[in-house]
1. From the list Glu43, Glu75, which one is at pLDDT 95 or above and among the acidic types (Asp, Glu)?
2. Can you confirm whether Pro182 is over 23 Å from Glu43 (Cβ atoms), assigned to a loop (DSSP other than H, G, I, E, B) and in contact (Cβ under 8 Å) with a residue 60 or more places away in the chain?
3. Mind checking which residues of region 174-207 are aliphatic (A, V, I, L, M) and within 15 Å of the chain's Cα centre (by Cα)?
4. Could you please give the count of residues in region 16-26 that are surrounded by fewer than 16 Cβ atoms within 10 Å (Cβ to Cβ) and part of a loop (DSSP other than H, G, I, E, B)?
5. Kindly list the number of the only condition in (1) under 18 Å from the mean Cα position of the chain (by Cα); (2) among the small types (Gly, Ala, Ser); (3) assigned by TED's automatic domain parsing to the domain that holds Gly243 that fails for Ala211.
6. Quickly run through region 105-158 and pick out the residues that are farther than 20 Å from Gly74 by Cβ and of a type in the set (Phe, Trp, Tyr).
7. Residues to consider are Ala256, Ala264, Ala277; find the one that is assigned to a helix (DSSP H, G or I), under 19 Å from Leu25 (Cβ atoms) and in the same structural domain as Leu168 (by TED's automatic domain parsing).
8. Taking the criterion of being under 20 Å from Thr32 (Cα atoms), buried (at least 16 other Cβ atoms within 10 Å of the Cβ) and either in contact with a Cys (Cβ under 6 Å, 6 or more places away or on another chain) or modelled with pLDDT of 95 or more (or both), would at least one residue in region 268-284 satisfy it?
Amino acid sequence: MRIRTARPDDAPAVVALRALVHPYLVRGVESTRKMIAQPPPSEQWTAYVVEVDDTVVGWVSAYRNDLTSERDVGEVSILHVHPEHRGRGAGTALLTAALGHLRDIGARRVRTWALPESLPFARRHGFTPSRELRYSALDLRPAPPMPEPPPGVRLLPLTDLDPRRVYLVNLAAAADEPGDVPVDSISYENWYSEVWDNLGLDRAASTVAEAGGELVALSLVKRDGDRMWSDYTGTLPTHRGRGLARLVKTAALHRAAAGGVRVAYTSNDEANAPMLAINVKLGYRPVGSSWSCLRDLS
């Protein structure tokens, strides 16, 4: 077993490993390759893999959280090890490397995500479970029918929109999203890199609602083949209570299905009751969960 920094050509093996451990996550090979090769500079992102006989059996990434005004928050993201290689120190080696990187870039508080069966491992390494994240799936055969918007509201794909307009509604809608770390401070440059310029973003399926010339709600779709991820759905606080989140998400699902998507995945914080209710009405079914876990880094 050896641990090393991830390389772009690890992308196929990393995606195959992720599909085994987290089958409900959606990120394709080329998107993963670009993430490794060209991470946003402000995140000071890095990743590590564990190899056994030249086969990738473990992965972790570590970076500064660029979505929050709390500038000392680091993330250890999706640490996972092939089931046949657990219990041999691979997970500990990956976590040690990730925490070392976060110390080097000045992080003082760390968040990670752990599957329920991995909570004992997280606790042993000083993490305290805090919030549950629920994963859900929806079979798009058949897709929900295209909704009829209310008077004065237009449903638009991202295809011909100014990305800065989409950024502004995304930033404002996400500012009060439930979670351990507020999502209140992503720069346009990093949003453009991570969201708009993401190779997985399906701009034809992603949908916004426009009212009075203003973008007021959006649902972003990231896609890999016939699978999609609802990356974010939200409404401006001033326009909530009108059913716009369900409207744009339903339209996005319909458009994705028309483009060949067969199954949709999403995740929601356990405290996000409005979005959980929307997903239930749309027919999503639970497929897994993970826990947000926190620790101080000293």
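The values are calculated or read from the model by the stated rules, or taken from the named source; none is laboratory data. What you see is a predicted model, and the numbers here were worked out from it, not measured in a lab. For neighbour counting, all protein chains shown are included, and Cβ atoms are generated from backbone atoms with ideal geometry for every residue, glycine included.
1. None of the other options fit; the residue is Glu75.
2. no
3. If the condition is that a residue be aliphatic (A, V, I, L, M) and within 15 Å of the chain's Cα centre (by Cα), then Ala174, Val181, Val183, Ile186, Val195, Leu199, Leu201 are the ones that fit.
4. Matching residues across region 16-26 total 1.
5. (1)
6. Tyr135
7. When all the criteria are applied, what remains is Ala256.
8. The answer is no, given that none of the residues of region 268-284 is under 20 Å from Thr32 (Cα atoms), buried (at least 16 other Cβ atoms within 10 Å of the Cβ) and either in contact with a Cys (Cβ under 6 Å, 6 or more places away or on another chain) or modelled with pLDDT of 95 or more (or both).
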